[in-house]
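See below for the structure under consideration.
No lab work stands behind these numbers, since they all come straight from the coordinates. Note that the structure is a prediction, hence the values are computed from the model and not measured. Quick reminder, even Gly has a Cβ in these numbers, built from the backbone with ideal geometry, and neighbours come from all protein chains shown.
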Amino acid sequence: MTEPNPVAIWITPLTLAAMTELSARTAPERIGLAFTGIGDDWLEGSLPLDERTRGADGTLHHGALAIVAETLGSVGASMCVDMSRRLCLGQVLHLQHAGPVGRGPLRARAVPLWIQAQSQLWEIQIHDDAGARVCVAQLALAVVDRPAVPRA
């Protein structure tokens with residue numbers, strides 16, 4: 001007996017190209033974050049370890065991982081709502097680092113832990129090129145009504 005296919009959670013799905021376009025001229029693009037995969041209930045990205053993401057000691061600047069986690073979690077959360085009517089706003093970002101990271105590229109996968117009408121919680125796991133986990137992040141988001149745009 002085969003298992004049933006999972007049901008996609010996306011209400012407003014985006015293509016990888018659309019995600020890349022939305023990130024043009026923003027922090028994710030500046031650090032080299034690339035959207036690399038999307039499934040029924042996950043989103044993936046990769047980050048180089050180069051001059052854009054290294055700290056003074058030559059290892060990964062952990063702030064770059066905050067950008068990765070916030071970006072993947074926010075994009076995933078936004079695709080789970082009707083983006084014409086609702087916004088997902090990051091409230092709390094918690095990261096746990098395993099230690100210094102000297103090799104890349106890094107791979108990140110975001111999955112929802114819960115999706116509710118007023119809030120979402122996403123987990124983002126980040127691994128180095130050898131598959132070792134270097135960071136686990138959780139992003140809590142509020143889901144709010146999109147404000148009305150005043151007429152000009």
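The figures follow:
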| read-out | value |
| --- | --- |
| Label of the coordinate-derived value, Rg/Rh (Cα atoms, Kirkwood Rh), listed as [x] 1.00; [y] 1.06; [z] 0.97 | [x] |
| Degrees separating the helix 63-79 axis from the principal Cα axis of the chain, which is the longest one | 20 degrees |
| Zero-based 5 Å bins, Cα pair distances in the range 16-74, whole percents | 4, 19, 31, 23, 14, 7, 2, 0 |
| Relative contact order, percent, the chain [alpha-carbon distance under 8 Å, six or more residues apart] | 23 percent |
| Euclidean distance between Cα centres, the range 47-83 to the range 137-152, Å | 21 Å |
| Estimated distance in nm for a label pair at residue 114 and residue 92, the labels positioned 7 Å out from Cα along Cα-to-Cβ | 1.1 nm |
| 222 nm mean residue ellipticity, helices alone, for the chain (DSSP H n ≥ 4; -39,500 (n - 2.57); rounded to 500) | -5500 deg cm²/dmol |
| Largest-first ellipsoid semi-axes for the range 57-131, taking √(5λ) over the Cα gyration tensor eigenvalues, angstrom | 27, 11, 10 |
| Karplus-derived HN-Hα couplings along the range 101-110 (A = 6.51, B = -1.76, C = 1.60, θ = phi - 60°), whole Hz, x at Gly and Pro | 10, x, 10, x, x, 9, 10, 10, 10, 10 |
